[in-house]
1. Just one of the numbered conditions (1) within 11 Å of the ligand (Cβ to nearest atom); (2) surrounded by 14 or more Cβ atoms within 10 Å (Cβ to Cβ); (3) touching a residue at least 24 places away in the same chain (Cβ under 8 Å) is not true of residue 165; which one?
2. Please count how many residues of the range 153-174 are over 19 Å from residue 194 (Cα atoms) and either under 27 Å from the mean Cα position of the chain (by Cα) or not assigned by TED's automatic domain parsing to the domain that holds residue 234 (or both).
3. Kindly indicate which of 121, 127, 139 is away from the ligand (no atom under 16 Å from the Cβ), surrounded by fewer than 21 Cβ atoms within 10 Å (Cβ to Cβ) and either assigned by TED's automatic domain parsing to the domain that holds residue 11 or assigned to a helix (DSSP H, G or I) (or both).
4. Of the residues that sit in the range 9-51 and are more than 18 Å from residue 98 (Cα to Cα), in contact with a helix residue (DSSP H, G or I) (Cβ under 8 Å, 6 or more places away or on another chain) and outside any loop (DSSP other than H, G, I, E, B), which one is modelled with the highest pLDDT?
5. Among the residues of the range 142-159, what is the count of those that are closer than 23 Å to residue 217 by Cα and in a helix (DSSP H, G or I)?
6. Given the options 96, 130, name the one that is within 27 Å of residue 221 (Cα to Cα), in contact with a helix residue (DSSP H, G or I) (Cβ under 8 Å, 6 or more places away or on another chain) and modelled with pLDDT of 90 or more.
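The values are calculated or read from the model by the stated rules, or taken from the named source; none is laboratory data. Fair warning: this is a prediction, and the values are worked out from it, not measured in the lab. For neighbour counting, all protein chains shown are included, and Cβ atoms are generated from backbone atoms with ideal geometry for every residue, glycine included.
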Ligand SMILES: [Zn+2]
């Protein structure tokens, strides 16, 4: 017997199948990832954002098949926010793709993820209003690692346990920062005292508080480049969209 659910969701990935069908991955606040098929999704509104386009926030009804192994199907849809500003800019689109692909890798089906859902929506809103990509991606990465419970230690040296006063090396394998004299010296990325303060601020403050922090895009990109190998190592995933953004 079929049943149905109604939920708010963000479209994270879209795979076109045949002429008119697509299989979509949604991030929902209460049910984690949802994978469902939709018929004629591309014909809904030609030339404009449709409720089942990538990164659109939408309210939808999903019918759940009674038989195991059959795909869920999208029923009615109602667009909440199309985030049209993201679509208008290649770099912002790459940044949104990076966040969508990474979240789709980290969240499971039936895994309540309201923290990650709020984070994705917040980051999409920032990108939509022309925020620079790496500032948003750095915030996303720090908050996602915190949600996953694998945020590196930024306050104390993981070898001598003393408070970090100035610069430090991030050791991806050991999960935190080290004083220069406490490291074996083989690490590539040095975070300045200011960089570490930014990372601590992003990790500890609420989303509404971090919106008041202004980080230059070149600094956000440099800090992101040091933090990202840690994330890729611990999440076991590297997004293709990041390579496209850097090309
Ligand atoms: Zn130390």
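1. For residue 165, the failing item is (2).
2. From the range 153-174, those over 19 Å from residue 194 (Cα atoms) are 159-161, 172-174; that's our starting set.
So of that shortlist, the ones also either under 27 Å from the mean Cα position of the chain (by Cα) or not assigned by TED's automatic domain parsing to the domain that holds residue 234 (or both) come out as 172-174.
Here the count works out to 3.
3. Numbers: 127 fails: surrounded by fewer than 21 Cβ atoms within 10 Å (Cβ to Cβ); 139 fails: surrounded by fewer than 21 Cβ atoms within 10 Å (Cβ to Cβ).
Result: 121 is the single residue among 121, 127, 139 that is away from the ligand (no atom under 16 Å from the Cβ), surrounded by fewer than 21 Cβ atoms within 10 Å (Cβ to Cβ) and either assigned by TED's automatic domain parsing to the domain that holds residue 11 or assigned to a helix (DSSP H, G or I) (or both).
4. Result: 22.
5. First, the residues of the range 142-159 that are closer than 23 Å to residue 217 by Cα: 142-146, 151-152, 154.
After this cut, where a residue has to be in a helix (DSSP H, G or I) as well, the list is 142-146.
Residues that pass the stated criteria total 5.
6. On the way: 130 fails: modelled with pLDDT of 90 or more.
Answer to the selection: 96.
For every residue, the table says whether it meets (1) at pLDDT 95 or above; (2) buried (at least 19 other Cβ atoms within 10 Å of the Cβ); (3) within 13 Å of the ligand (Cβ to nearest atom).
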{"position": "149", "(1), (2), (3)": "no, no, no"}
{"position": "153", "(1), (2), (3)": "no, no, yes"}
{"position": "186", "(1), (2), (3)": "no, no, no"}
{"position": "195", "(1), (2), (3)": "yes, yes, no"}
